[in-house]
Amino acid sequence: MPVRQLPETVVNRIAAGEVVERPASVVKELVENALDAGASRIDVFTDGGGRRRIGITDDGGGMTKADLALAVERHATSKLDDEDLLSIRTLGFRGEALPSIGSVARLSITTRHAGEPHAWALSVEGGAKSPLAPAALSHGTRVEVSDLFYATPARLKFLKTDRTEAEAIREVVRRLAMARPDVAFTLAGEERAPVTWTAALPGAAGRLTRLGDILGADFRKSAIEVGAERDGVVVEGLAGAPSLTRANALGQYLFVNGRPVRDKLIVGAVRAAYADYLPRDRHPVLALFVTLDPREVDANVHPAKTEVRFRDAGLVRALIVHALKDGLAREGKRSAAASVDGATLAALRPGFVPAPRAVDWDWRRSPAAPPMSFTAAPSPSMAGFAERAQPRFDIGAPSADVRSFAPPPADEQERPLGAARTQIHGTYIVSQTRDGLVIIDQHAAHERLVYEKLKASMEQNGVERQMLLIPEIVELDEATVERLLARAAELDRFGLAIESFGPGAVAVREVPALLGKSNAGAMLRDLAEHMAEWDEALPLERRLLHVAATMACHGSVRAGRVLKPEEMNALLREMEATPNSGQCNHGRPTYVELTLADIEKLFGRR
C-alpha cells in the first residue's frame, strides 16, 4: 500500500481521539482554558452526562476577534511566549483542544475582550468553521459543546451511562477547584443538584476551606498541614489524620504547579509515610501541592496532560515522605480516634424497647426495680433482653480497682490522658480527665511504645549485622543482579552485604541481625522489585521496621494481664511523651476519648 497524506478532517479526528476521550475531557480542557484566561468565576453546565450539551462560562480576559479566528486552528495557542517547550507556566499549551472538539462535535464560542466594542461569536461543526459574527456578551467567554461525537458515531459506543459520565465530569471539576481555591466554581446539570464552591481567601486558610468543602467536614476537622522544601522544590498541602481513611487511594490528590495530575509516585510515597500509622488495606485522604521550576518537570507526557514526569523524581518523593512524616509526628496526639462521632454515639444508645413483663409489677413504672443477677440464666419473662436458650454469662468485675471511689490527684486529671481509675476485662484501662474519660487499649498502646524505642535504638546505634558462616548464594536474572549491585553501598548501610558471584548470582555475606533466620533469596527479589519501581533502598528500611514492629508486638504488655495502678499511670505518662502514640503499629487506635458532653448525650441529658 503506498504512503499517502491524510486529509485534514481525518487528522483532526485522530487528534480528537487523543485529547477528547469522553465528555469529562472536554470539560477539563475548557475549564483549564478559562483558568489560564484569568477567570475568577467559572460556571459549568452539562446535560446527558455531557453527551448532549456542555456549557462553560467564565469572566476571564476573553479574546479579540483575531484571536478567536485563530483559536480553532490546530497548534495555535496563547500559552507560549516563545518556542521554548520546557518553560510551561500554564495549564495547557498543545493547541489542539478547540479544533479537536470542533471536529467531533458542534462547538460554539462567544467571547469579548476588554479592548473590543462588542463580543464575537464563532461556531465549528464537524471541523467546518462558520464566519465570525458580532454577538452579545458583557465580558469573558462562553463555550458550548453539543452533540458530542456526532461526527464519529463509533465513539459513542464507548461512552458509559449518563450518570457515570456526569460523575467523571464532577471529579474533573472537583480537582480543578481544589487546585484553585481563589476561583469560584458552579457545577450544574440535569443529572445533579447545582453545587457552588465560593472563592476562598488566599493562603493555607483558604486552601483548607476549599478542601473541606469538597472532601467533607471530617477532612476539615482532621487535616494536618504539611510542608517541606529543598533545592527549589516545595511540597505543601493538607493530610488527613490516620483516623480518617478509605479503602482505596482515590482520596489522594496531587497538584504540580497548579495542575491536577495522577502519578504513581504519590502512592508509594504516601504508603511509606503512613506505614507506621495505617494497616496496609487502608489509605489516607490528602491533597499535596508540588511547586518547582517548570524546566524540572515534563508536563507534555500525555496528550490529555494528566501525567507528568519529574527530572528528579527521587527528590520529589523524598520531600513528600519527609513532609508527611513531620506533619504526622507534630500532630501525633491528633492521630488517635480521640473522640467519638455522632454515628458511634447513636450506636451506643439503647435501640430497643423491653417487652412488658407478665407479672403484676411493671419495671418501667416501679420506683425501685428488683435486683437483677447477670450471672443467672435469663428467664422466659426476660424475652426483651435475651432468648430463652441463651447460655449463662458473666461480665465479671474490674480486674484492677484503683480506688475508683477516691478522687484522683488533681495534677493527674489535668494531663492529656488523665489518671487511671480501673482496668476492665484485663485489657482496657479507664482513666479520668478533667472533662471526660479515656479508654486505653493497653496492648496496642504498649506495642507502640516498644516499637518507638526500637526505632530510636536503630537510629542511635546503627543496624546490627550478623556475618554468615557460609555465604548464601542467590540466583537471579542478570538485570536484577545489576540493579542490586548498583545499590550495594546503600544496602550495606542497612546491614545487608552482597557481592557478585558470577553473571546470574549474588553472594550474601552479612544480614541484619534483626531479621534472624531470613530467606535471603526472597528478600533480595523483593528489594529488586521495589528498586525497579522507586529506585531507592527504602523498602529494606521498611522491612526492618516491620520486624521491629513484630518484635514490639511480642514484647509488649499482653491483653489479659492485670496491671497495678502505678503501672497503668506509668503507661499513660509514657504515652504522652511518645510520638505517634495515637496508633499501634498496625494502625489501630490506642485510645478513645469520651467527653462529658458525649456521655450526657448517651443518657439523653443533651
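The values are calculated or read from the model by the stated rules, or taken from the named source; none is laboratory data. Remember, predicted model here, so these are calculated numbers, not experimental data. So basically every Cβ, Gly included, is an ideal-geometry build from the backbone, and we count neighbours across all protein chains shown.
Being surrounded by fewer than 19 Cβ atoms within 10 Å (Cβ to Cβ) and part of a loop (DSSP other than H, G, I, E, B) is the filter here; which residues of the stretch 38-58 pass it?
Across the stretch 38-58, the qualifying residues are GLY38, SER40, ARG52.
Tell me, yes or no, whether the stretch 215-227 has at least one residue that is modelled with pLDDT under 85, buried (at least 20 other Cβ atoms within 10 Å of the Cβ), over 19 Å from PHE310 (Cα atoms) and of a type in the set (S, T, N, Q).
As a first pass, look at the stretch 215-227 and keep what is modelled with pLDDT under 85: none.
The answer is no; no qualifying residue exists.
In the stretch 435-490, how many residues are on the phi > 0 side of the Ramachandran plot and among the charged types (D, E, K, R)?
0
Could you say whether any residue in the stretch 570-591 is crowded, with 20+ Cβ neighbours inside 10 Å, at pLDDT 70 or above, among the aliphatic types (A, V, I, L, M) and more than 29 Å from the chain's Cα centre (by Cα)?
Yes, the conditions are met somewhere in the stretch 570-591.
Pick out, from the stretch 158-246, the helices (runs of 4 or more DSSP H) lying fully within it that include 1 or more residues that are touching a strand residue (DSSP E or B) at 6+ places or on another chain (Cβ under 7 Å) and of a type in the set (Lys, Arg). Spell out the reasoning first.
Details: elements: 162-179, 204-215, 217-222.
The helices (runs of 4 or more DSSP H) meeting that bar are 162-179, 204-215.
Which one of LEU250, LEU265, LEU254 is more than 20 Å from ARG448 (Cβ to Cβ), in a strand (DSSP E or B) and of a type in the set (A, V, I, L, M)? Show your work before the answer.
Numbers: LEU250 fails: in a strand (DSSP E or B); LEU265 fails: in a strand (DSSP E or B).
Checking each option against the conditions leaves just LEU254.
Quick check on the stretch 548-563: of everything there that is at pLDDT below 80 and surrounded by 18 or more Cβ atoms within 10 Å (Cβ to Cβ), which residue is nearest to LEU328 (Cα to Cα)? Spell out the reasoning first.
Going residue by residue through the stretch 548-563, those that are at pLDDT below 80 are 548-561.
Filter once more, so that each one left must be surrounded by 18 or more Cβ atoms within 10 Å (Cβ to Cβ): 548-549, 552-553, 556-557.
Details: ALA548: 20, ALA549: 18, ALA552: 21, CYS553: 22, SER556: 23, VAL557: 25 Å.
Here the residue is ALA549.
Taking the residues in the stretch 253-262 that are within 13 Å of the chain's Cα centre (by Cα) and crowded, with 21+ Cβ neighbours inside 10 Å as candidates, determine which candidate is nearest to SER222 (Cα to Cα).
TYR253
Among (1) out of contact with any helix residue (DSSP H, G or I) (no Cβ under 7 Å at 6 or more places or on another chain); (2) modelled with pLDDT under 70, which single condition is GLU566 missing?
GLU566 satisfies every listed condition except (2).
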